[in-house]
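See structure below.
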Amino acid sequence: MARPASSGGDHRFSQFCADSVVPTVLAWVAVTVAVVGLAFVCRSDAADPPPAFIDVTEAVGLKGVSGGPAAWADFDNDGWVDLCAGGEVWRNEAGKKFKKVAAVAGPAVWGDYDNDGWPDLFCYGTGQLYRNLKGEKFEEVKIVPKLPTEVSLGAAWGDFNRDGFLDLYVGGYEVWPDKEYPDVILTSDQGQKFAEAWRQSKVYRARGVTAADFDEDGHLDVFVSNYRLQPNLLWKNDGTGKFADVAKDRGAQGNEKLGCYGHTIGSAWGDLDNDGHLDLFVGNFSHPPEYQDRSQFLRNTGAKGGWKFEDKTKTARLRWQESYASPALGDFDNDGRLDLYFTTVYPGDKSVLYRNKGGWGFEEVAGGGGTAVGETYQAAWADFDNDGSLDLMTGGKLFRNRGDKGHWLKLRLEGEGMINRSAIGAQVRLKLDDATLTRQVEGGTGQGNQNELTLHFGLGTHAGPVRLEVHWPDGTRQEVETKADRTVTVRPDPARGRPR
């Protein structure tokens with residue numbers, strides 16, 4: 001950017017006056033040229049586009065909101081997405097104001113465990129579950145067994161055994177230096193109680209947990225981000241809730257050097273190249289030594305590639321910072337491609353926003369587009385004002401997206417029968433020209449965060465009808481046709497295909 005006109009202009013004018021030996025008339029010509037130049041500089045600065053985001057934290061009543069992990073869901077079913085941040089529950093009042101209405105026992109993720117139509121909260125740090133009483137208040141229900149994970153930094157909801165009720169994968173962390181806790185899976189008994197179905201035998205130190213059916217076999221799989229230079233885990237689900245770690249075979253374990261892997265804190269699933277398959281961004285904190293693995297962009301090669309992951313990190317060219325922490329994927333500019341927001345946790349480092357340019361090329365948005373906060377693990381996307389553009393909660397601040405000319409579509413999926421009511425685990429594919437945009441309903445992402453359950457598609461210049469294919473968690477598929485620039489609720493059609 002050009003220097004401010006006042007300082008540069010004053011300097012040039014004084015030098016001209018001191019050194020001039022030409023006739024006065026020529027001096028005035030030079031001054032005129034200088035003034036015209038200054039005017040151009042001022043107009044050039046004024047023409048610079050404003051940042052993509054504006055801090056509206058105080059304006060919407062969120063001053064003092066926790067900077068702990070954030071999770072979004074419409075808990076009172078009024079059409080406006082609400083917020084849980086660090087255990088504080090805030091009601092969204094028509095996109096204008098937020099009001100603190102409840103407190104639970106720490107950071108949590110949303111999921112309708114009893115399928116009554118009201119999303120509930122699981123606090124992974126304490127193992128406490130809070131039932132949503134028709135959007136009016138939350139009450140603790142003691143139906144979760146005592147966890148061996150005395151310290152947990154993340155969990156994910158998912159119907160791992162496809163019985164129509166949400167289960168939980170809870171990551172176990174550590175008390176430094178010598179105590180570590182196992183991951184566990186809690187299986188729901190028809191939404192009435194939970195039981196420990198599995199406990200990790202070889203214990204690692206999990207930071208983030210996020211689930212996705214990466215191989216599209218209809219069974220929800222789990223990726224676990226492990227810290228302390230340990231390998232990451234990719235648990236492939238056999239459909240009954242039994243898992244096998246395939247991270248090494250599929251190329252998702254991390255890059256081993258000198259017996260070490262990475263300090264992975266948070267990771268995120270998303271179709272980064274619009275080929276219809278969910279890719280994986282692995283977020284690594286890393287000290288300068290090269291044996292510590294850096295963050296990775298992993299391309300899902302699909303059925304043709306044996307559902308293995310190809311490392312596209314060199315193509316993506318993420319600028320290294322030591323203290324990268326929690327990523328969040330979302331199409332902030334509505335161009336149809338998922339972008340990356342990535343937090344940091346050391347003083348001096350700043351969170352970054354990377355625009356997806358296509359072809360596995362990413363470019364850094366200057367100043368994070370107005371979101372470049374300091375130390376935080378908080379990062380979650382949601383359209384809190386229902387204008388079709390994704391907003392961002394990070395660093396204890398809410399950043400409103402100024403909006404873009406791109407068209408958009410939002411989908412609210414509601415399950416029934418053998419599909420959990422939150423539709424967590426569902427995937428939707430949207431064909432747009434030669435691209436296939438894919439989004440999924442997530443039960444957790446990054447380190448302990450959760451993006452809005454309503455799915456968001458940027459459509460770019462496409463303003464016409466769109467056709468979608470919904471892949472429900474029970475293995476069935478359903479085609480839907482709708483129009484751009486609207487929010488659509490989709491429920492299972494009894495005539496949809498049979499489960500695979």
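The values are calculated or read from the model by the stated rules, or taken from the named source; none is laboratory data. Here the structure is a predicted model, which is why all the values come from computation and not from measurement. Backbone-built Cβ (ideal geometry, glycine too); neighbour counts: all protein chains shown. Just the protein is used for accessible areas: all its heavy atoms, side chains included, with ligands, DNA and RNA removed. Shrake-Rupley method; radii C 1.70, N 1.55, O 1.52, S 1.80 Å.
What the table shows:
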| quantity | calculated |
| --- | --- |
| Cross-chain or 6+ apart pairs with Cβ under 8 Å, segment 222-245 first and on the phi > 0 side of the Ramachandran plot and in contact (Cβ under 8 Å) with a residue 12 or more places away in the chain, then open to solvent by 20 Å² or more (accessible area, probe 1.4 Å) and among the small types (G, A, S) | G241/A197 |
| Condition check for R319: out of contact with any Gly (no Cβ under 9 Å at 6 or more places or on another chain) and in a loop (DSSP other than H, G, I, E, B) | yes |
| Boolean, S267 is among the hydroxyl-bearing types (S, T, Y), within 20 Å of A426 (Cα to Cα) and open to solvent by less than 20 Å² (accessible area, probe 1.4 Å) | yes |
| Residue match in segment 355-362 (condition: under 15 Å from N284 (Cα atoms), at pLDDT 95 or above and in a loop (DSSP other than H, G, I, E, B)) | no |
| Residue list for segment 229-284, restricted to those being more than 17 Å from A212 (Cβ to Cβ), of a type in the set (S, T, N, Q) and under 19 Å from the mean Cα position of the chain (by Cα) | N284 |
| Lone qualifier among P347, P327 - being in a strand (DSSP E or B) and either open to solvent by less than 20 Å² (accessible area, probe 1.4 Å) or of a type outside the set (S, T, N, Q) (or both) | P327 |
| Subset of segment 407-449 [open to solvent by 10 Å² or more (accessible area, probe 1.4 Å), under 24 Å from G358 (Cα atoms) and small (G, A, S)] | A435 |
| Looking only at segment 450-484, and only at residues there that are of a type in the set (G, A, S) and under 21 Å from the mean Cα position of the chain (by Cα), the one that is surrounded by the fewest Cβ atoms within 10 Å (Cβ to Cβ) | G460 |
| Failed criterion for Y291 (all others in (1) within 19 Å of the chain's Cα centre (by Cα); (2) of a type outside the set (D, E); (3) open to solvent by 40 Å² or more (accessible area, probe 1.4 Å) hold) | (1) |
| Of residues in segment 164-192 being aliphatic (A, V, I, L, M) and in a strand (DSSP E or B), the one surrounded by the most Cβ atoms within 10 Å (Cβ to Cβ) | L168 |
| Filter pass, L280 being of a type in the set (A, V, I, L, M, F, W, C), in a strand (DSSP E or B) and in contact with a strand residue (DSSP E or B) (Cβ under 8 Å, 6 or more places away or on another chain) | yes |
| Qualifying positions in segment 288-303 - closer than 21 Å to K257 by Cβ, touching a residue at least 24 places away in the same chain (Cβ under 8 Å) and not charged (D, E, K, R) | P288, Y291, Q292, S295, Q296, F297, L298 |
| Filter pass, G158 being under 22 Å from V441 (Cβ atoms), of a type outside the set (D, E), surrounded by 23 or more Cβ atoms within 10 Å (Cβ to Cβ) and at pLDDT 95 or above | yes |
| When residues of segment 193-218 are limited to those that are under 22 Å from the mean Cα position of the chain (by Cα) and either modelled with pLDDT under 95 or assigned to a strand (DSSP E or B) (or both), the one nearest to L272 (Cα to Cα) | A212 |
| Matching residues, segment 424-467, being at pLDDT 95 or above and of a type in the set (A, V, I, L, M) | I424, A426, V428, L430, A435, L437, V441, L453, L455, L459, A463, V466 |
| Residue satisfying all of: in segment 51-89; outside any loop (DSSP other than H, G, I, E, B) and touching a Leu at 6+ places or on another chain (Cβ under 7 Å); nearest to L390 (Cα to Cα) among these | F53 |
| Conditions (1) under 16 Å from the mean Cα position of the chain (by Cα); (2) open to solvent by 20 Å² or more (accessible area, probe 1.4 Å); (3) touching a residue at least 60 places away in the same chain (Cβ under 8 Å): number failed by G359 | (1) |
| Members of segment 363-391 found to be outside any loop (DSSP other than H, G, I, E, B) and open to solvent by 20 Å² or more (accessible area, probe 1.4 Å), listed by number | E363, E364, A366, G367, G370, E375 |
| Residue in segment 309-323 that is within 20 Å of T436 (Cα to Cα), surrounded by fewer than 24 Cβ atoms within 10 Å (Cβ to Cβ) and of a type in the set (D, E, K, R) present | yes |
| Boolean, E140 is farther than 23 Å from D385 by Cα, in a strand (DSSP E or B) and open to solvent by 50 Å² or more (accessible area, probe 1.4 Å) | yes |
